[in-house]
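Here the structure is laid out as C-alpha cells; the discussion comes afterwards.
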Amino acid sequence: MNPILNEIGAVFIPVKDIEDAKNWYCDLLGIPASGDIVAGHLYVVPMKDNSLVLDSKIYSEDNLYKTPPLHFNTKDIEAAFSFMKEKRIELVTDIENGHWFNFKDPDGNVLMICE
C-alpha cells in the first residue's frame with residue numbers, strides 16, 4: 001500500500017504582510033477574516049476543500065508565483081471578471097478560451113480564476 005495519499009493538503013502563498021494578506025484574501029473570497037495568525041507568519045484561509053496557507057516567512061520577490069500555482073473556481077467567469085475589475089485588482093489576462101483569467105494579488109503573485 002502506498003503511504004502517499006492522492007491528495008493535496010495545502011498550497012503556500014508567499015506574502016509580505018500576513019495581516020494585510022489575511023484581510024485581502026478573505027475579502028476576495030467573501031469570507032470573514034477570522035482565525036488566528038500562527039507563529040506570527042502563517043494564516044490558513046478557511047476554504048471548502050484543500051488549505052490555502054499565507055506565509056510571510058517565505059516571502060521574497062524571488063519566491064513570488066509568476067505562473068498560477070492554483071485556480072479559484074467560479075460558476076460565472078464573466079461575473080468573476082467584472083467583480084475583479086470593480087475591486088481594481090490587477091488583471092494579467094483577459095478571459096481566455098471563455099473560461100479562465102489570471103490576476104495578481106497585492107504582493108505580485110499570479111493566480112487564476114477558472115469556470
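Just so it is clear, none of the values below were taken in a lab; they were calculated from the coordinates. Keep in mind that what you see is a predicted model, and the values were worked out from it rather than measured. Neighbour counts are summed over all protein chains in view; Cβ atoms, including those assigned to glycine, are modelled from backbone coordinates with ideal geometry.
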At 7 Å along the Cα-to-beta-carbon direction for both ASN23 and ASN6, put a label point, then send me their distance in nm to one decimal.
4.3 nm
Going from the fewest other Cβ atoms within 10 Å to the most, one would list VAL45, VAL53, VAL15 as VAL53, VAL45, VAL15
Return the long-range amide H neighbours of PHE12 (sequence gap of 5 or more, or a different chain), with a cut-off of under 5 Å between placed amide H atoms.
VAL53
For a bin width of 5 Å, list the pair-distance distribution of segment 10-60 built from all Cα-Cα distances, rounded to whole %.
5, 25, 34, 27, 8, 1
With label points built 7 Å along Cα→Cβ from the Cα atoms of ARG88 and ASN73, find their separation and express it in nm.
3.2 nm
Give me a comma-separated list of calculated 3J(HN,Hα) values for segment 39-49, in order, Karplus coefficients 6.51, -1.76, 1.60 applied at θ = phi - 60°, integers in Hz, x for any Gly or Pro.
6, x, 8, 10, 9, 8, 5, x, 10, 5, 10
Cα centroid separation, segment 39-66 to segment 1-36 (Å)
6 Å
For every other residue with a beta carbon closer than 10 angstrom to the beta carbon of GLY98, add +1 if it is Lys or Arg and -1 if Asp or Glu, then tell me the sum.
-3
Going by how many other Cβ atoms sit within 10 Å of their own, how do LEU52, LEU5 line up, fewest first?
LEU5, LEU52
Which far-off residues, 5 or more places away or on another chain, put their amide H under 5 Å from the one on PHE101, with H placed in the peptide plane?
GLU96, ILE113
Net charge over other residues, Cβ less than 13 angstrom from the Cβ of ASP20 (K, R count +1; D, E count -1):
-3
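List, in the order given, every pair from LYS22/LYS85; LYS48/LYS85; LYS16/LYS104; LYS22/LYS57 whose Cα-Cα distance in the structure shown is over 22 Å.
From LYS22/LYS85; LYS48/LYS85; LYS16/LYS104; LYS22/LYS57, over 22 Å: LYS48/LYS85.
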